[in-house]
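Every read-out reported here was derived from the displayed coordinates using simple, explicitly stated rules and does not represent laboratory data. Predicted model only: the values in this text are computed from it and were never measured. Don't worry about glycine lacking a Cβ; one is built from the backbone with ideal geometry, like all the others, and counts go over all protein chains shown.
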Amino acid sequence: MIGNRMCKISLAAALAMICMTPLANAARFDGNWSMVAETTRGHCGFIEIGLEIVRGRIYSTRGSFAFYPIQLGGRVSGSGQARMNAVAGPRIARGIGRFNQISGSGTWAGRGPSGLCSGVWTANRS
């Protein structure tokens with residue numbers, strides 16, 4: 001009985017350490033970032049967004065589009081893979097990409113009242 005209990009405790013501790021590793025690795029991307037989303041298809045233009053990454057979670061800190069504040073959220077993995085969603089009034093967009101310790105880049109696509117837009121994004125540490 002004690003052996004089973006110790007086995008369960010050890011297994012739980014190992015699982016907790018494995019599950020926490022991506023968050024710890026993602027912490028290397030923590031900090032403030034400046035992002036630019038550039039439209040390559042559609043009529044959405046050039047959009048500047050301030051980001052903050054905290055323990056692998058991505059948040060917008062500033063930026064607006066068509067007079068609406070941009071609400072952006074997402075995650076970055078320990079390997080730098082990122083997924084983001086953004087909302088600005090009736091407009092929504094999704095992005096994917098990759099961060100390293102000094103920059104990031106990827107693609108995005110969205111829709112709004114004027115139709116579909118897509119493009120590329122780049123980010124640099126602030």
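Taking 35 Å as R0, compute the FRET efficiency from the Cβ-Cβ separation of Thr107 and Gln71 and round it to 0.05.
0.95
Measuring from centroid to centroid over Cα atoms, what is the spacing of segment 95-126 and segment 54-93 in Å?
Each part's Cα centre sits 9 Å from the other's.
Set the Förster radius R0 to 22 Å, insert the Cβ-Cβ distance between Ser64 and Arg94 as r into 1/(1 + (r/R0)^6), and round the FRET efficiency to 0.05.
The formula returns an efficiency of 0.75 here.
Between Val36 and Gln81, what's the calculated FRET efficiency when r is the beta-carbon distance and R0 is 22 Å? Round to 0.05.
0.65
I'd like the Karplus ³J(HN,Hα) series for segment 86-102: coefficients 6.51, -1.76, 1.60, θ = phi - 60°, whole numbers in Hz, and an x wherever there's a Gly or Pro.
Each residue of segment 86-102 in turn: 9, 9, 9, x, x, 9, 10, 8, 10, x, 9, x, 8, 10, 10, 6, 10 Hz.
Note down the net charge around Ile58, summing +1 for each Lys or Arg and -1 for each Asp or Glu among other residues with Cβ under 9 Å from its Cβ.
Summing Lys/Arg as +1 and Asp/Glu as -1 gives +2.
Full-extension gain between Glu48 and Arg28, please, as 0.36 nm times their residue separation minus the C-alpha to C-alpha distance.
So the extension gain works out to 4.9 nm.
How large are Rg and Dmax for segment 35-115 when only the alpha carbon atoms are used, in Å?
Looking at segment 35-115, its Cα Rg and Dmax stand at 12.2, 36 Å.
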